[in-house]
1. If each of I68 and K31 carries a label point 7 Å out from its Cα toward its Cβ, how far apart are those two points in nm?
2. What whole number of Å gives the distance from the Cα centroid of region 11-26 to the Cα centroid of region 162-232?
3. If neighbour count is taken as other Cβ atoms inside 10 Å, put Y100, Y36, Y189 in order from fewest to most.
4. Could you tell me the convex hull volume per residue, in Å³, taken over the Cα atoms of region 9-225?
5. Can you tell me which lysines have their Cα less than 19 Å from the Cα of K123? Leave out same-chain residues fewer than eight positions away.
6. Dipole magnitude of region 9-225 about its Cα centre, charges +1 at Lys/Arg Cβ and -1 at Asp/Glu Cβ only, in debye to the nearest 20?
7. Which longest uninterrupted range of the chain lacks any GluC sites (Glu not before Pro) assigned by DSSP to a loop state (not H, G, I, E or B) and surrounded by at most 10 other Cβ atoms within 10 Å?
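Quick note: the coordinates plus some simple rules give every number you see, no bench work behind them. Quick caveat: nothing in here was measured; it's all calculated off a predicted structure. Neighbour counts are summed over all protein chains in view; Cβ atoms, including those assigned to glycine, are modelled from backbone coordinates with ideal geometry.
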Amino acid sequence: MKQTAARERAVVLLSGGLDSATALAWASKEKQWDCYTIAFDYGQRHHVEIQASKQISQAFEAKKHQVIAVDLHAIGGSSLTSEQDVPKDQAETFAIPSTYVPARNLIFLSLASAFAETVGANKLVIGANIVDYSGYPDCRPEFLNSFAKTVALGTKAGVEGVGFEVVAPLLNLDKAEIIKLGLSLGVDYAMTRSCYDPDKDGQPCGHCDSCHFRMQGFAQLGQQDPLLSLVK
């Protein structure tokens, strides 16, 4: 009897936002990898995304969903982890905004690598993007390629020959293209949460960078953002 080849395993960084949900759908549905999802409770003001990540992980039948607590609020340096105001209506200024969290993807990918070792995964999937983004340096391909080399050198699995790969399927897509891909893969964007500065009920502000690019993407497709009705 012919044996079925083992499916590859991937750890997907799943914030609960639009991009990460699409990246999970791509890894799970298009690549048909066995997916393990990881989210980070890092003291962010948009904590509502944590619950969204759990729901999205379940929807795509991830093998396991892990939430890791990392107190980046103690470090500060970002309007997402402090009392500093989140910039509004400034998405086209092209300067690195105060919503940049120091070394966030470096920290998250490091923890995701440790998780990958424990579940036998060699793919690290991240929804990083360099088209419709806010200038974050830790979303660039130079950083992601460098990190893949670092994890191969700094882990037991890596030195034993496991070829770790950092996969960023959305890297060169604009927001409309990301949404189109996600819809084709069955993503229910009503489950996602993207706003950097939601109100106490989790409703999006409609004016931060994340809200701007999200709504722009849906508009370019001639569709309405399922969260738009929540904007006051």
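1. 1.8
2. 10
3. Y100, Y189, Y36
4. Values: hull volume 23.8 nm³, N = 217.
It comes to 109 Å³ per residue, whole-number rounded.
5. Reachable lysines: K29, K31, K63, K64, K149, K156.
6. Details: 18 positive and 25 negative charges, 126 e Å.
So the magnitude is around 600 debye.
7. 161-232
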